[in-house]
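Undergrad: This is the structure I want to talk about, given as structure tokens.
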Amino acid sequence: MTTTPDDTAVLSGVLDQWKAAVDAHQPERVASLFTEDAIFQGLHPYGVGRQKIAEYYDSQPLGMKAAYRVLQTRRPADGVVLGYLHVEFSFTDRPPLEVKLSVLVTRAAEGWSISHYQVSRL
């Protein structure tokens with residue numbers, strides 16, 4: 001299995017919305033892009049569900065922006081896309097933070113949503 005344009009488009013469709021909500025500091029909008037039972041691991045202790053995700057993004061500094069690049073994709077099953085990305089978070093008062101991000105997006109009747117999100121500092 002390798003990265004395909006279709007899988008990259010699926011990820012970009014979700015992550016472009018994620019980026020816009022992060023950049024606008026709209027934690028509830030960010031959380032709405034995740035499944036109800038999403039496992040979320042940012043750079044703080046993990047949480048499960050939209051409420052924990054909204055709380056995490058609400059705690060982020062105003063002016064934080066995200067820029068991402070898809071590095072690899074895999075489709076382990078129908079309706080599931082795994083993505084490995086490079087993300088740079090920029091801030092108004094400190095140097096940018098570069099991380100690697102693994103996401104699993106799943107398709108439901110209402111569209112694609114993030115069901116697993118894990119950040120690593122390398």
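Undergrad: Do you know which residues across segment 1-33 are under 14 Å from LEU85 (Cβ atoms) and either of a type in the set (Ser, Thr, Tyr) or within 10 Å of the chain's Cα centre (by Cα) (or both)?
TA: Once the filter is applied, which keeps residues that are under 14 Å from LEU85 (Cβ atoms) and either of a type in the set (Ser, Thr, Tyr) or within 10 Å of the chain's Cα centre (by Cα) (or both), segment 1-33 yields THR3, THR8, LEU11, SER12, VAL14, LEU15, ASP16, TRP18, LYS19, VAL22.
Undergrad: Hey, can you tell me all the residues within segment 77-88 that are without any contact (Cβ under 8 Å) to a residue 40 or more places away in the chain and not hydroxyl-bearing (Ser, Thr, Tyr)?
TA: Within segment 77-88, ALA77, ASP78, GLY79, VAL80, LEU82, HIS86, VAL87, GLU88 qualify.
Undergrad: Every residue in segment 98-122 that is out of contact with any Ser or Thr (no Cβ under 7 Å at 6 or more places or on another chain) and surrounded by fewer than 15 Cβ atoms within 10 Å (Cβ to Cβ), please.
TA: GLU98, ARG107, ALA108, ALA109, GLU110, GLY111, SER120, ARG121, LEU122
Undergrad: Between a first residue in segment 8-23 that is modelled with pLDDT of 95 or more and small (Gly, Ala, Ser) and a second residue that is surrounded by 14 or more Cβ atoms within 10 Å (Cβ to Cβ) and in a helix (DSSP H, G or I), which pairs have beta carbons less than 9 Å apart while being 6 or more apart in sequence or on different chains?
TA: Hits for this filter: ALA20/ARG29; ALA21/PRO27; ALA21/ARG29; ALA21/VAL30; ALA21/ALA31; ALA21/TYR57.
Undergrad: Determine whether segment 46-60 contains at least one residue that is hydroxyl-bearing (Ser, Thr, Tyr), surrounded by fewer than 13 Cβ atoms within 10 Å (Cβ to Cβ) and over 22 Å from LEU122 (Cα atoms).
TA: Scanning segment 46-60 turns up at least one residue that is hydroxyl-bearing (Ser, Thr, Tyr), surrounded by fewer than 13 Cβ atoms within 10 Å (Cβ to Cβ) and over 22 Å from LEU122 (Cα atoms).
Undergrad: Oh, and also: Under 6 Å between Cβ atoms, which residue pairs at least 6 apart in sequence (or on different chains) link something in segment 48-69 that is free of Cβ contacts under 8 Å to residues at least 60 places away in the same chain and assigned to a loop (DSSP other than H, G, I, E, B) with a partner that is crowded, with 16+ Cβ neighbours inside 10 Å and not polar (S, T, N, Q)?
TA: Hits for this filter: LEU62/HIS25; MET64/PHE89.
Undergrad: May I ask you to verify whether GLU36 is over 14 Å from the mean Cα position of the chain (by Cα) and part of a helix (DSSP H, G or I)?
TA: Here the answer is no, as GLU36 does not meet what is asked.
Undergrad: Which count do you get for residues in segment 1-33 that are among the hydroxyl-bearing types (Ser, Thr, Tyr) and either in a helix (DSSP H, G or I) or closer than 17 Å to SER115 by Cα (or both)?
TA: Within segment 1-33, residues that are among the hydroxyl-bearing types (Ser, Thr, Tyr) and either in a helix (DSSP H, G or I) or closer than 17 Å to SER115 by Cα (or both) number 3.
Undergrad: Identify, please: which residue in segment 24-59 is over 14 Å from VAL105 (Cα atoms) and among the hydroxyl-bearing types (Ser, Thr, Tyr) and is, among those, modelled with the lowest pLDDT?
TA: TYR46
Undergrad: For segment 51-89, give me each residue that is more than 19 Å from GLN17 (Cβ to Cβ) and among the small types (Gly, Ala, Ser).
TA: SER59, GLY63, ALA77
The values are calculated or read from the model by the stated rules, or taken from the named source; none is laboratory data. For clarity, every value in this text was computed on a predicted model and none was experimentally measured. Neighbour counts run over all protein chains shown; Cβ positions are idealised from the backbone, glycine included.
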